[in-house]
Amino acid sequence: MVCNLLFPASGSLRIFFQSAFSRSPPETGGGSSWEVTVSFSLFGRGFRMMEAFARAFKGRGLQMIEKMTGAIKGRRFRMIEMLTGAIKSRGIKMASILLSLGVLVLASISLVIWYAVGSGPGKTAAPPAESRLASPAAPAPESKPPARQDIDKAENVPGEAERGGSVPPPPASDGSKPAAVPVHPLVQPAKAEYDGGRYGRAAEMLSELLRQNNVEATAQEQAKRLLADCSFHLAEGNNKKLLETVDAYKQILEQYKDPSAGNDRAYFNLAHTYEKLKFYYEAAAAMEKLLIRYPGSPLAVDAPYFLGEMNMKTGKTELAAARLEDFLSRHPDHPKAKAATLQMVAIHLAGGRIDAALQSAKTVLNRWPNLSELPADALLNLGLAHYWSKQYTDATRILSVAASLYPAGEQTAVTLYVLGCSLFHADRPTAALAVFSRVKEMKPDSWEGAESTLAAANIGLVRPELKVPFFLSLAQAFRDPLEAYNQILQTTRNHGLIERVRFQRAYGLWMKGRYRESFREFQYVAATYPLGAFAASSRTWMMASVEKVLDESFQKNDHTVVAALYFQIPVRDLRESLNFERLYGIGKSLAAIGLDADAKSLWKAIRRQAPDDRARDLLAVSIARLDLERRDAAEASRVLQDVRQSKDTGLQREVAALRAGIDRIAGRRSDAILRYGEALNVHADQAGDPFLHRELAMLLDAEGRTPQAIDQYRKALQGFSADPERLATVLADGRIRLADSYLKDGTTQEGMKLLQDVSNTAPDASLRRWSWYRMGRALESQGNMTGADKAFAQVKGAGEDEFWGKVADFSREDAQWSRKFKDIIR
């Protein structure tokens, strides 16, 4: 049984954020600081001093002036507008006087504030070109690494400097520890909304702020960063807004080059945004920049873990393992250490490193023994690590807990399936069947259901003696595995499953002793899936099936089946898989059905790798016999020259008989008779070959040595009678020949008796007609014309065979002519 290995997409404890689209603020002209230009076009020379004062304040960045200017623009001096309206409507000159007085009051107030704030325009220090919202300083080495929630909480606390906290130092030269900057007053209301989780409201406030003109650079930068963070939180599940969030962070990183306070957060959120978009390579690249450029950032603590996850999702399991091992070595007590170790189990399983997976699994069980606190996918991987390590008891315990804790989870069916496999290997097949039945009931049309059906059928194949409750849903699959395999094949289109089911079906046919069918199934799997997982096993079992089929066919003398197998399998595979006896037997079967050329070719091929001299001589003798049957005496003689003087009496007899056949074909009958005699004298205490006796009898009969021929025919018939069913035709032919010899020798009664037996018992109709024909001729020679006519009538029969009908008519006419002209024709 094969347990499918599934790995969860992620086992981390990451916190996912949302983000929303926000429009980029308009560009502000001038410099990096906020500019205020106050210009009054008054109708008198005495008011030019106000323009000078305004230019003196230009670029100083004083917050009070900003407030005063807002007051002028907003609420406090609406009287000026009223007076202006009065001038236009009424033409009263007093309005201009009042306006002038108001401007003088404004100038006086501004001058007082200016001298109160600073020592004068020439001595006021300019603010820094840029100020940014930075991440908190990295924790001390001995402190516990913060969780993601702690990082967010520490980073989002407003007004740390105002509460008396020490101002963080400026950024280090390498940018590894970006300095924190207090939240700008204009950004503080939106920051409060953000900290309260009201990201949409915060985004609206920030967008409104960025749409305003003349916003200070510090506030503008902080607003952009915070707006991108709001977008990050609000864009969950919306790929379009996620892409806009990516653009926002990229613009921030382009505008505010590294090292800059807050860029570590930008890289961190950018990486997670890419992850939500499933851009895993880009996510890893962004997190890699955070780790390299800001190694001292608290956010960099989780970076190796995140990179390990991304590497795993992109299939780089070895790199993922290295990342997670580095993370665990640096932060063994990190809150994500458990998740990282569980990921290590999954990574090693995915890479087929079972020993490493088991080691990581044992680490989890030793450090966090409470299985109830682990998620379903983690429990499944722990169970798989023990299952593939053949620790079935521990696998059963872990998977049982998983099935109990998550009875209706997404991984429940898979967990139960692996649990069933573990129970079977733990020698609890009945319990395994119950679990597989439960999986089938839960997901009948899923791959888990099909795998469970296959597993139940496999159990029935190897443990058919089990007593299985009839009410189990897979009881029928257990009782009839072959039918279960057929049903799976009818319902699935999964080629991997089809390959395994066909293989199991072939093995089931083997177990049932149906070797010809198993051969065809194994051959199908090997040919259809040449690169599949079962291709090599199928070829091995296919050749084992061939051996079984050959042995059965040899025993039954079923040469047709043997020849059919020979033409379905390459000779190379046959030579590599079969022993010499079976290969030689294949050649004999090919020769038996007249495929002499194929038999000779096979024997020549295997002769080069014959196991010993006897086998090599046996092949030479067999090849020479085929040449002799084709009456190629010269080639047969040449082949026999390679045969050594063997001590094997069987080979000695074969060689002598073949040489006798060569002499017979060459017309050297006397030499042939002597050779046959030599062959029959080898081991004279044992029964001779009946075919040799028949050949010798035929030569003796041709030489006119009828009594000796009769003796040899009798010995041949004695040998043929040992297997009358297989040699029925040869036995009938030998009797006819012996009857002819009896008739020649004058022993008419014995000859007629043999012919009568052949006419009644011969399996072939031609032999029966031939025996009647011989009886007719014998009766005719005896002058019994009535008996001869009856015999010839038997030869003709009902006229179904035209040839024998003509033979009968000719014999009858010839008998009549012989009787009519017997005195003339002597």
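Here are the numbers for this structure:
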read-out	value
Options A285, A248; residue that is modelled with pLDDT of 90 or more and within 24 Å of P304 (Cβ to Cβ)	A285
Residue match in the range 607-622 (condition: small (G, A, S) and out of contact with any helix residue (DSSP H, G or I) (no Cβ under 9 Å at 6 or more places or on another chain))	no
Unmet requirement for Q609, which otherwise passes all of (1) modelled with pLDDT of 85 or more; (2) not in a helix (DSSP H, G or I)	(1)
Hey, V435 assigned to a helix (DSSP H, G or I) and in contact (Cβ under 8 Å) with a residue 60 or more places away in the chain or not	no
Candidate set from the range 419-432 (those that are of a type in the set (A, V, I, L, M, F, W, C) and without any contact (Cβ under 8 Å) to a residue 60 or more places away in the chain); member that is farthest from Q476 (Cα to Cα)	A426
Residue identified as over 60 Å from the mean Cα position of the chain (by Cα), modelled with pLDDT of 85 or more and surrounded by 15 or more Cβ atoms within 10 Å (Cβ to Cβ) among S741, S759	S741
Residue in the range 216-225 that is under 51 Å from the mean Cα position of the chain (by Cα) and loosely packed, with under 15 Cβ neighbours inside 10 Å present	no
Any chance G787 is without any contact (Cβ under 8 Å) to a residue 40 or more places away in the chain, over 25 Å from P707 (Cα atoms), part of a helix (DSSP H, G or I) and of a type outside the set (A, V, I, L, M)	yes
Residues of the range 301-335 that turn out to be hydroxyl-bearing (S, T, Y) and part of a loop (DSSP other than H, G, I, E, B), as a count	1
Selected residue (criterion: surrounded by the most Cβ atoms within 10 Å (Cβ to Cβ)) from residues of the range 597-636 that are within 46 Å of the chain's Cα centre (by Cα) and of a type in the set (D, E)	D598
The one condition in (1) more than 27 Å from A203 (Cβ to Cβ); (2) surrounded by fewer than 22 Cβ atoms within 10 Å (Cβ to Cβ) that K250 fails to fulfil	(1)
Filtered residues of the range 715-733 (kept if in a helix (DSSP H, G or I) and surrounded by 15 or more Cβ atoms within 10 Å (Cβ to Cβ))	K715, A716, L717, G719, F720, A728, V730, L731, A732, D733
Enumeration of residues in the range 559-574 that are exposed (fewer than 15 other Cβ atoms within 10 Å of the Cβ) and assigned to a loop (DSSP other than H, G, I, E, B)	P570
Subset tally (residues that are surrounded by 23 or more Cβ atoms within 10 Å (Cβ to Cβ) and farther than 18 Å from N238 by Cβ) for the range 270-290	5
Count - residues of the range 253-269 that are acidic (D, E) and either buried (at least 24 other Cβ atoms within 10 Å of the Cβ) or at pLDDT below 90 (or both)	2
Every residue from the range 763-780 that is at pLDDT below 80 and of a type in the set (G, A, S)	none
The range 283-311, subset of a type in the set (D, E, K, R) and under 19 Å from A322 (Cα atoms), residue nearest to the chain's Cα centre (by Cα)	E309
Residue that is nearest to T393 (Cα to Cα) [pool: residues in the range 410-431 that are surrounded by fewer than 24 Cβ atoms within 10 Å (Cβ to Cβ) and small (G, A, S)]	A426
Any hit, the range 706-726, residues being among the charged types (D, E, K, R), out of contact with any Lys or Arg (no Cβ under 6 Å at 6 or more places or on another chain) and under 30 Å from K604 (Cβ atoms)	yes
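Yes/no matrix, rows are residues, columns are (1) modelled with pLDDT under 90; (2) under 28 Å from the mean Cα position of the chain (by Cα):
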residue	(1), (2)
E275	no, yes
Y281	no, yes
A339	yes, yes
Q343	yes, yes
I354	no, yes
L374	no, no
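The values are calculated or read from the model by the stated rules, or taken from the named source; none is laboratory data. Predicted model only: the values in this text are computed from it and were never measured. For neighbour counting, all protein chains shown are included, and Cβ atoms are generated from backbone atoms with ideal geometry for every residue, glycine included.
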